[in-house]
Amino acid sequence: MAGRRAALKAIDWLAFAERVPPNQRGMFNALKTRTDAISAKLASLPETPAAIDWSYYRSAVAKPGMVDEFEKKFKALQIPEPVDTQTASISAQEAEANKNAASYIEASKARITMYEQELENFKNMIPFDQMTVEDLNNTFPETKLDKAKYPYWPHKPIAEL
């Protein structure tokens with residue numbers, strides 16, 4: 001039964017609920033309620049449909065051959081099951097998202113290492129109240145003024161201020 005196969009994929013509602021923003025909590029609760037109702041209804045149905053007693057209908061229907069024709073048409077009836085066309089594209093999107101997330105994590109780890117080194121440099125530098133201008137220029141080279149190239153105050157191009 002196609003419905004049974006669809007019901008086999010369990011949803012982790014707790015993990016889902018953690019990701020729902022507070023302003024969408026009502027829609028989430030409505031979705032969960034509706035899904036639970038459909039699951040309960042699906043679970044109440046038998047695995048296989050009840051068998052049709054064709055001999056009873058042959059004895060009860062007055063027109064001869066009618067039940068045989070219905071039985072033949074019923075056995076020939078094929079109900080098509082929907083074909084899954086989206087799982088492959090969703091899996092590809094998931095793989096791409098996982099790859100992007102992994103590269104972002106690696107870049108973040110590199111930035112964290114750089115920031116930790118910078119923080120360590122800040123912790124180990126001379127306190128500002130004890131620093132000389134030379135110490136300041138050595139610690140922060142971007143603050144050094146180029147008086148030879150720009151002899152007049154502010155000793156930097158105005159565009160860089």
Keeping to region 28-62, report how many residues are more than 37 Å from the chain's Cα centre (by Cα), of a type in the set (G, A, S) and open to solvent by 70 Å² or more (accessible area, probe 1.4 Å).
-> 5
Looking only at region 129-161, which residues are surrounded by 10 or more Cβ atoms within 10 Å (Cβ to Cβ) and hydrophobic (A, V, I, L, M, F, W, C)?
-> M131, V133, L136, F140, L145
Candidate set: region 111-131, residues that are under 39 Å from the mean Cα position of the chain (by Cα) and acidic (D, E); chosen: the one modelled with the highest pLDDT = E116
Helices (runs of 4 or more DSSP H) wholly inside region 64-161 that include at least 3 residues being among the polar types (S, T, N, Q) and either out of contact with any Phe, Trp or Tyr (no Cβ under 6 Å at 6 or more places or on another chain) or without any contact (Cβ under 8 Å) to a residue 24 or more places away in the chain (or both) = 87-124, 133-139
Counted residues in region 69-108 being under 30 Å from S55 (Cβ atoms) and open to solvent by less than 80 Å² (accessible area, probe 1.4 Å) come to 2
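The values are calculated or read from the model by the stated rules, or taken from the named source; none is laboratory data. Everything numeric in this text was worked out from a predicted model, so none of it was measured. A quick note on method: Cβ atoms are made from the backbone with ideal geometry, for glycine too, and the neighbour counts reach across all protein chains shown. Accessible surface areas use protein heavy atoms only, side chains included; no ligands, DNA or RNA. Shrake-Rupley method; radii C 1.70, N 1.55, O 1.52, S 1.80 Å.
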